[in-house]
Amino acid sequence: MATTADSKVADLEKETVEVQKGDHQTTDYGIKISDPDHWLRFVDGSHNGPSLLEDQIAREKIMRFDHERIPERVVHARGTGAFGTFRLFESAGDVTSAGVLNDTSRETPVFLRFSTVQGSKGSADTVRDVRGFAVKMYTSEGNWDIVGNNIPVFFIQDAIKFPDVVHSVKPEPHNEVPQGQTAHNNFWDFAYLHSEATHMLQWIMSDRAIPRSYRMMQGFGVNTYSLVNVQGKRHFVKFIFTPELGVHSLVWDEALKIGGQDPDFHRKDLMDAIDAGQFPKWKFGLQLIPEEKQDDFEFDILDATKVWPEELVPIRYIGELELNRNVDEFFPQTEQVAFCTSHVVPGIDFSNDPLLQGRNFSYFDTQISRLGPNWEELPINRPVCPYMSLVNRDGAMRHRITKGKVNYWPNRFEANPPATQAEGGFTSYPEKHQAVKSRDLSSKFKEHFNQAQLFYNSLSDIEKAHVAKAYSFELDHCDENIVYSRISDRLSVVDLNLAQTVAKNVGGKTVPTKPAKENKGLKAKGLSQLEYQPKTPTIATRRIAILLADGFDNAAYNGMKQTLQKQNAFVFTIGSQRKGVTAESGEVVIPDHHFPGMRSTLFDATFVPGGKHIATLSKNGIAKHWIAESFAHLKPVAGLNEAVPFIAKQIALDQVKVASGKGVAESYGVVTALGVSASEAVRVSKVEKDASGFAEKFIWEVSKHRNWQRELDGLVDEVAA
């Protein structure tokens, strides 16, 4: 048969379908689906029971989703990880029999994998996204996985919606665009059509979604689990990790630029800190609700789109997680590590959280698809305690050799018997159920907006401003009016001013004139990340740049560098050439980088010493932009003597006051000094708000992370970044 230019097109048309509005959803075997949004479960109106494995529609949907991606040689979700140690400071033996949570003499080895959620392995670290925070504890009783995020809630309530939410956030199917971001039609279309996502949207539009470092973000288990003590009493529990360094974020313009300038920024940040012996640490806490108080709240405690406000359920911090060793080889450790929400140890059990119920099924199935049936035998995944199963064997890539004649239980040799509860065997909590089998959720799950208001109300003014800017950026990239108009309207259930600001910025059909839901102004502690500052001011692991050219003041350079390093900051010299720059006094310094190879975005603060080199810096466009960009990104900037007018000229704002006579000045995080010797300038006796010395003031400003007042007072908008 002769072929034509259209022959292949015609051939493919046989396999091509187009979804029409009137086409009903069906399973792959043809039956029409009446409810694609709820897993079949027991429900009695006020409580949810377990999700049922008999639901063939849910199983098909989830399993098809689990196996959508075939293993590829290099393309997996982007992440990085490290080894560490979990230590318990206070026994939780009153609420759980789990040895890892009641034996304070233990040091439990862990592996923690951080990740972005949306993008491919080649995407950038600093995209706006949820960050995975997955902990594998190799306990004496078996592996315990806490498969969490840096945000405590999720988009959906029922796991059957996982394929939908992930499809919506991924690149759109017709053009595979965009990569690693939510700023597109499909995601925001899904977000509007699922009002349960409204609370989560506030979190991902907040600064939480653009962390400064993996070391500076919280970790949350997200789902509700159960703890059971030796008396058989159950408490519902949420797991929380809070960083010792505080919770800090990038600013959005900075995050965008780092994505191009150093897409591995977060990976390298973690590895560099561990290599330097600056081991990141998190406090480990529990939120606990006795089983008999499950119904005492206006929200359902099993709803993964809700937080447990700390005023109602305080956090009980009982331990510490420390990361202290980098991986030896990325692929067999970080890439092949695999987590399962169903991996728990005796004393820890599940709840009827509908999201958790589905995750328990899906995660195990997904790991089989990605790594094969023997994925738990891989060195990074296998437990450190003894493990043996006569029955689980064979399959692709099996490498354990099990000697003996039998591979079943019971057997004539009584080989590999089960363990009783007294011997450490896992037993499930004997929960009673009396309900109707239905595709539904209990009544409290149907309220979707109260906690969206609670989160937004609890933010500081600067955080609220960032939320409005984030929505405006995201929706500006949606080109279908119905998408951005509907989201603008939806925001009026959260806050009218927010909705009006976003609607004006993105061009919604109408600007809301009244709130769609009354906002009573309720707030809760622990939701604003500005509440999480280190107990003691610190600049440990902060990246500080010192700008140099030929003719710099060597005493000021060396003195400040040593002073900052004594504070455990990471100090980098940025010079006009990497071959070496020469001080006024003749010493030669080899910079870590030269100006074309670095940008201010990759540092937390900048210091410019005095000297004749200022004339050279004043003719260097990158050096001049460095100062302006640092100011626009709210970062501390410091200059000594001849550097003072150079800094003032780049910022060029009357509101920012620099030293005009002998002495030290600080204005909007810009620290300057004139007529001050190097030895005097670098002297540090205290680091606090009222410190008077040049270095002391600079270190204090760096410890604050950013000078938010610049943005609140509108100065940032006047500086070209």
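Which whole-number percentage describes the relative contact order of the chain, with Cα contacts under 8 Å and a sequence gap of 6 or more?
Averaging sequence separation for qualifying contacts and normalising by length gives 12 percent for the chain.
Got a number for carbon plus sulfur as a percent of the stretch 384-433's accessible area, 1.4 Å probe?
Numbers: 2390 of 4350 Å².
Answer for the stretch 384-433: carbon and sulfur cover 55 percent of the accessible area.
Given only helices, namely DSSP H runs of n ≥ 4 each adding -39500 (n - 2.57), what is the per-residue ellipticity at 222 nm of the chain, to the nearest 500 deg cm²/dmol?
Mean residue ellipticity at 222 nm (helix-derived): -7500 deg cm²/dmol.
Report in % the part of the accessible area of the stretch 462-598 that belongs to carbon and sulfur, leaving out ligands and nucleic acids; probe 1.4 Å.
Heavy-atom surface of the stretch 462-598 belonging to carbon and sulfur, 1.4 Å probe: 48 percent.
Before I look further, what does the chain give for accessible area per residue, probe 1.4 Å, in whole square angstrom?
The answer is 44 Å² per residue.
For a test of the definition: using alpha carbon positions, the gyration tensor, and the 1.5 limit on a/c, classify the stretch 339-381 as rounded, prolate or oblate.
oblate
Kindly rank 459-467, 352-360 from highest to lowest mean number of other beta carbons found within 10 Å of each residue.
Packing order, densest peptide first, comes out as 352-360, 459-467.
Just the number, please: carbon plus sulfur as a percent of the accessible area of the stretch 57-191, 1.4 Å probe, no ligands or DNA/RNA counted.
Carbon with sulfur: 53 percent of the solvent-accessible area.
Any chance you could give the angle, 0 to 90 degrees and rounded to 10, that helix 265-275 forms with the longest Cα principal axis of the chain?
Between helix and principal axis, roughly 80 degrees.
What size of dipole, in debye to the nearest 20, comes out for the stretch 452-531 about its Cα centre when the only charges are +1 on Lys and Arg C-beta atoms and -1 on Asp and Glu C-beta atoms?
320 debye
Would you mind classifying the stretch 452-531 by shape? Square roots of the alpha carbon gyration tensor eigenvalues, ordered a ≥ b ≥ c; an a/c under 1.5 is rounded, otherwise it is prolate if a/b is larger than b/c and oblate if not. Please list the in-between numbers first.
Values: a/c = 2.67, a/b = 1.58, b/c = 1.69.
Oblate.
Per-residue counts of other Cβ atoms within 10 Å, averaged by peptide: what ranking do you get for 486-495, 537-546, 579-588, highest first? Kindly include the intermediate steps, with their values, before the conclusion.
On the way: 486-495: 23.2, 537-546: 21.3, 579-588: 14.3.
So the peptides 486-495, 537-546, 579-588, ranked by packing, come out 486-495, 537-546, 579-588.
So what is the relative contact order of the stretch 79-377, in percent, for Cα pairs below 8 Å that sit 6 or more residues apart?
Dividing the mean separation by the residue count of the stretch 79-377 yields 25 percent.
The chain: longest stretch without exposed chymotrypsin sites (Phe, Trp or Tyr not before Pro) (DSSP loop, at most 12 other Cβ within 10 Å), sites themselves excluded?
So the longest stretch without any such site is 90-407.
Cα gyration tensor of the chain, axes a ≥ b ≥ c as square roots of the eigenvalues: rounded (a/c below 1.5), prolate (a/b > b/c) or oblate?
Because a/c hits 1.5 or more and a/b exceeds b/c, the chain counts as prolate.
Please list, by residue number, every one of the GluC sites (Glu not before Pro) in the stretch 360-460 that is coil in DSSP and has at most 14 other beta-carbon atoms within 10 Å. Intermediate results must be reported in sequence, preceding the final value.
Numbers: sites: Glu376, Glu377, Glu414, Glu423, Glu431, Glu447; in loops: Glu414, Glu423, Glu431, Glu447.
Sites meeting the loop and neighbour criteria: Glu414, Glu423, Glu431.
The values are calculated or read from the model by the stated rules, or taken from the named source; none is laboratory data. All values reported here derive from a predicted model rather than from experimental measurement. Note: ideal-geometry Cβ built from the backbone for every residue, glycine included; neighbour counts use all protein chains shown. With ligands, DNA and RNA removed, areas are computed over all heavy atoms of the protein, side chains included. Shrake-Rupley method; radii C 1.70, N 1.55, O 1.52, S 1.80 Å.
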